[in-house]
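These notes concern the structure reproduced below.
The values are calculated or read from the model by the stated rules, or taken from the named source; none is laboratory data. As the structure is a prediction and not an experimental result, all values here were calculated from the model. When we count neighbours, we look across all protein chains shown, and the Cβ atoms used for this are built from the backbone with ideal geometry, even at glycine.
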Amino acid sequence: MLSLSQVSKSYKMKDGMYQAVDTVSLEVGAGNIHGIIGASGAGKSTLLRMINLLERPDQGTVTVDGQLLTEMPDKQLRKERQKIGMIFQQFNLVNNMTVSRNVSIPLELAGLTKSERMKRVKECLSFVGLEDKVEQYPAQLSGGQRQRVAIARALANSPKLLLCDEPTSSLDPETTAEILDVLKHVNASFGVTVVIITHEMDVVKSICRHVSVMERGRIIDSFSRDEGEFRPAAGSFGSYRDQIFSKAGEAHV
């Protein structure tokens with residue numbers, strides 16, 4: 001489903017170049033929920049934004065569902081991006097638009113008719129349990145409800161891949177659990193591949209079957225929670241693996 005090969009990204013700073021992502025390769029199979037965990041500044045968000053080329057890699061390739069995105073012209077890339085949904089930490093809703101209009105935005109960009117948009121908006125809001133909030137505005141909703149609207153919007157174009165950028169870090173623990181349940185339901189109901197970046201261990205324990213650990217722009221460890229035996233983790237984030245597993249072969253679910 002998703003293949004990153006030797007992708008890198010650097011930025012010009014006042015005191016020189018900053019290497020945000022350094023020659024990262026990653027494979028995510030179809031239907032998986034893959035977590036990328038690490039401290040702030042590890043390069044997680046930059047890596048995630050390179051998957052749909054919101055950030056274009058300086059080098060390396062990005063392949064999604066068999067399509068080499070890094071070689072596509074802009075027009076074709078815009079069409080392929082419709083297959084990739086994205087959920088942000090701060091919801092990224094348009095405050096002066098109703099819930100239904102927010103969910104309808106990607107459908108309008110995709111050129112659907114008004115009747116088609118209304119039908120799909122109703123389906124998506126029903127899926128996240130907000131069919132009664134259609135005419136409300138984001139300011140009238142709780143944080144958890146706003147994130148559900150963001151999920152509904154991300155699902156509007158029936159994506160094959162869902163990218164989640166710290167989707168629960170601004171939510172309380174109870175609401176976090178609710179949002180993670182929605183994401184698990186998305187994965188189970190539609191087979192959508194999910195990539196979620198986080199610095200929260202509880203998120204990884206709750207939802208992720210595959211985990212990669214980032215440090216200083218590199219992936220220093222990757223493993224499956226279904227593995228029976230584990231090699232020692234590299235780097236200073238080896239404790240992540242220790243926290244996820246109480247002993248070899250036993251996962252906290």
Number of positions in segment 125-149 that are of a type in the set (S, T, N, Q), exposed (fewer than 15 other Cβ atoms within 10 Å of the Cβ) and closer than 19 Å to N92 by Cβ: 2
Selection within segment 122-138 - in contact with a Leu (Cβ under 9 Å, 6 or more places away or on another chain) and among the hydrophobic types (A, V, I, L, M, F, W, C): C124, F127, V128, L130, V134
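For (1) without any contact (Cβ under 8 Å) to a residue 24 or more places away in the chain; (2) within 25 Å of V204 (Cα to Cα); (3) touching a helix residue (DSSP H, G or I) at 6+ places or on another chain (Cβ under 6 Å), each residue gets a yes or a no:
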{"site": "R81", "(1), (2), (3)": "no, no, no"}
{"site": "L93", "(1), (2), (3)": "no, no, yes"}
{"site": "E131", "(1), (2), (3)": "yes, no, yes"}
{"site": "K160", "(1), (2), (3)": "no, yes, no"}
Only one of A139, A110, A150 that is within 12 Å of I87 (Cα to Cα), outside the structural domain of L53 (by TED's automatic domain parsing) and in contact (Cβ under 8 Å) with a residue 24 or more places away in the chain: A150
Residues (surrounded by fewer than 20 Cβ atoms within 10 Å (Cβ to Cβ) and part of a helix (DSSP H, G or I)) located in segment 106-124: E108, L109, K114, S115, E116, M118, K119, K122, E123
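Inspect segment 129-145 for any residue being outside any helix (DSSP H, G or I) and closer than 22 Å to R49 by Cα and give the result as yes or no. Give the steps one after another, and end with the answer.
Taking segment 129-145 and keeping what is outside any helix (DSSP H, G or I), we get 129-130, 134-137, 141-142.
Then drop every residue that is not closer than 22 Å to R49 by Cα, which leaves none.
Scanning segment 129-145, I find no residue that is outside any helix (DSSP H, G or I) and closer than 22 Å to R49 by Cα, so the answer is no.
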Answer from A30, A42 - the residue that is surrounded by fewer than 22 Cβ atoms within 10 Å (Cβ to Cβ) and part of a loop (DSSP other than H, G, I, E, B): A30
Flag for E229 being of a type in the set (D, E), under 17 Å from A42 (Cβ atoms) and at pLDDT below 95: no
Failed condition for V28, given (1) of a type in the set (A, V, I, L, M, F, W, C); (2) at pLDDT 95 or above; (3) more than 21 Å from the chain's Cα centre (by Cα): (3)
Close pairs from segment 210-222: first on the phi < 0 side of the Ramachandran plot and of a type in the set (V, I, T), partner surrounded by fewer than 21 Cβ atoms within 10 Å (Cβ to Cβ) and part of a loop (DSSP other than H, G, I, E, B), Cβ under 6 Å, at least 6 apart: V213/F237; I220/A234; I220/G235
R153 vs. criteria within 26 Å of K79 (Cα to Cα) and in contact with a Pro (Cβ under 7 Å, 6 or more places away or on another chain): yes
Single residue of segment 171-205 satisfying the filter (closer than 25 Å to L53 by Cα and polar (S, T, N, Q)) that is surrounded by the fewest Cβ atoms within 10 Å (Cβ to Cβ): N187
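Residue-wise test of (1) touching a Phe, Trp or Tyr at 6+ places or on another chain (Cβ under 6 Å); (2) outside any helix (DSSP H, G or I); (3) more than 29 Å from E123 (Cβ to Cβ).
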position	(1), (2), (3)
T168	no, yes, no
E174	no, no, no
L180	no, no, no
H185	no, no, no
S189	no, no, no
V194	no, yes, no
K205	no, no, yes
S212	no, yes, yes
I220	no, yes, yes
